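Heads up, the thing below is written out as structure tokens.
The values are calculated or read from the model by the stated rules, or taken from the named source; none is laboratory data. What you see is a predicted model; the values in this text were computed from it and never measured. Note that each Cβ is placed from the backbone with ideal geometry, even for glycine, and that neighbours are counted across all protein chains shown. Surface accessibility is based on the protein's heavy atoms, side chains included, excluding ligands, DNA and RNA. Shrake-Rupley method; radii C 1.70, N 1.55, O 1.52, S 1.80 Å.
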Amino acid sequence: MCECQVYDAPVNAWASRYDSDPLAGDRGRPASRARSVEAETGLVVEDASTGWCGAVVAVEKAGGMRVVHLEDRRGRVKGFPLGPGFLLDGAPVVLTPPTAAGRAALATQRAAQSRTASGSRTVAAAPARVAAASRLFVEGRHDAELVEKVWGADLRVEGVVVEVLDGVDDLAGVVRDFAPTAQRRMGVLVDHLVPGSKESRIVAQARAVRPYGEHVCIVGHPYVDVWQSVRPERLGLQRWPVIDRRQSWKHGVLAHLGWPHETQADVAQGWKRILGTVRTYADLQPELLGRVEELIDFVTVGPEPGQG
């Protein structure tokens with residue numbers, strides 16, 4: 001909520017707000033340009049004549065007029081006549097009584113906001129968690145950023161940290177170094193995990209490392225790069241392009257999209273644009289969704305039976 005100067009205008013000044021246009025003077029915006037906005041609970045506006053800035057907490061009738069109550073960032077509530085004389089995002093608006101349709105739209109919006117990007121229910125006012133002993137490992141930075149965007153809220157509730165491997169060539173060594181146990185599980189997400197691939201052989205070796213096998217879960221998606229796990233429709237494509245193996249896959253994709261692709265900075269900016277198209281789990285391919293959910297389940301379960 002914005003910082004605003006507080007001025008306690010006298011009650012009899014309310015009527016004077018309708019005698020002159022507070023937006024037509026120093027603000028230079030005639031009232032005729034103000035659009036109508038329903039005074040729904042939670043809407044943050046500023047009273048143009050006093051500078052009071054706050055969220056709508058109630059609209060009621062008082063003394064023959066409708067009054068909107070605004071709560072500022074310090075929890076103080078002040079009433080103002082419903083109507084013209086307010087600013088929303090710096091633009092003049094006329095506040096109108098909330099309608100049934102508006103309330104229904106707000107309820108729908110709030111229901112959506114009660115879900116995380118992964119589709120889980122939001123845990124309100126969850127206390128800060130000490131990082132759990134279990135870890136979720138991903139191949140690279142882009143994988144980590146995508147997992148954070150969609151599952152970050154869930155992982156923070158569970159206290160699970162995501163670590164970046166910078167490749168899986170020595171995944172068996174990573175398993176030995178981490179030394180997972182029943183109380184300290186290890187989940188790993190691998191790119192391009194398909195039969196016959198280099199990654200499939202690396203994963204088989206890592207799963208065979210003893211005595212840790214039952215405490216590590218290694219799964220993967222079929223895509224060459226985690227970029228492909230974003231639904232192509234989000235980028236205006238019917239399908240991801242096939243890139244010649246003699247060319248860097250990421251540079252080839254960016255060239256296909258008509259985006260800058262010559263430097264590593266171009267790749268970073270390209271990924272930023274791709275990641276920006278992801279809003280929720282619905283924007284990702286199911287082959288990735290299922291694997292990440294499997295890993296989260298694995299690293300967040302309690303100790304195995306018989307373990308302390």
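Of the conditions (1) of a type in the set (D, E, K, R); (2) surrounded by fewer than 12 Cβ atoms within 10 Å (Cβ to Cβ); (3) in contact with a strand residue (DSSP E or B) (Cβ under 7 Å, 6 or more places away or on another chain), ASP297 fails just one. Which one is it?
Result: ASP297 passes all but (3).
Okay, residues lined up against (1) closer than 23 Å to ARG141 by Cα; (2) crowded, with 20+ Cβ neighbours inside 10 Å; (3) free of Cβ contacts under 8 Å to residues at least 12 places away in the same chain:
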{"site": "ARG185", "(1), (2), (3)": "yes, yes, no"}
{"site": "ILE202", "(1), (2), (3)": "yes, no, no"}
{"site": "GLY213", "(1), (2), (3)": "no, no, yes"}
{"site": "ILE218", "(1), (2), (3)": "yes, yes, no"}
{"site": "VAL226", "(1), (2), (3)": "yes, yes, no"}
{"site": "LEU235", "(1), (2), (3)": "yes, no, no"}
{"site": "PRO241", "(1), (2), (3)": "yes, no, no"}
{"site": "ARG246", "(1), (2), (3)": "no, no, yes"}
{"site": "HIS251", "(1), (2), (3)": "yes, no, no"}
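May I ask you to list pairs of residues, at least six apart or on different chains, whose Cβ atoms are under 9 Å apart, with the first in the range 60-82 being under 17 Å from THR50 (Cβ atoms) and of a type in the set (A, V, I, L, M, F, W, C) and the second being in a strand (DSSP E or B) and open to solvent by 80 Å² or more (accessible area, probe 1.4 Å)?
Qualifying pairs under 9 Å: VAL67/GLU60; VAL67/LYS61; VAL68/GLU60; LEU70/VAL77; LEU82/ARG66.
Would you mind telling me which numbered condition in (1) among the aliphatic types (A, V, I, L, M); (2) touching a residue at least 60 places away in the same chain (Cβ under 8 Å); (3) farther than 16 Å from GLU139 by Cα ALA179 fails?
(2)
Just checking, does the range 255-277 include any residue being closer than 30 Å to THR181 by Cα, open to solvent by less than 40 Å² (accessible area, probe 1.4 Å) and not polar (S, T, N, Q)?
Scanning the range 255-277 turns up no residue that is closer than 30 Å to THR181 by Cα, open to solvent by less than 40 Å² (accessible area, probe 1.4 Å) and not polar (S, T, N, Q).
Looking at the structure I just gave you, is PRO260 in contact with a His (Cβ under 7 Å, 6 or more places away or on another chain) and not polar (S, T, N, Q)?
Criteria not met by PRO260.
Which condition does LEU171 not pass, out of (1) farther than 25 Å from GLU293 by Cα; (2) open to solvent by less than 30 Å² (accessible area, probe 1.4 Å), if it passes all the others?
If we test LEU171 against (1) farther than 25 Å from GLU293 by Cα; (2) open to solvent by less than 30 Å² (accessible area, probe 1.4 Å), just (1) comes out false.
Where residues in the range 187-200 are charged (D, E, K, R) and in contact (Cβ under 8 Å) with a residue 24 or more places away in the chain, which of them is nearest to LEU295 (Cα to Cα)?
ASP191
Which residue pairs have Cβ atoms closer than 7 Å, lie 6 or more positions apart in sequence or on different chains, and pair a first residue in the range 86-109 that is within 14 Å of GLY42 (Cα to Cα) and of a type in the set (Phe, Trp, Tyr) with a second residue that is modelled with pLDDT of 80 or more and surrounded by 14 or more Cβ atoms within 10 Å (Cβ to Cβ)?
none
Among THR96, THR41, THR116, which is the only one that is of a type in the set (S, T, N, Q) and at pLDDT 90 or above?
The unique qualifying residue is THR96.
Quick one: in the range 45-70, of everything that is open to solvent by 50 Å² or more (accessible area, probe 1.4 Å) and farther than 15 Å from PRO97 by Cα, which residue is farthest from the chain's Cα centre (by Cα)?
Filtering the range 45-70 for residues that are open to solvent by 50 Å² or more (accessible area, probe 1.4 Å) and farther than 15 Å from PRO97 by Cα, the one farthest from the chain's Cα centre (by Cα) comes out as GLY63.
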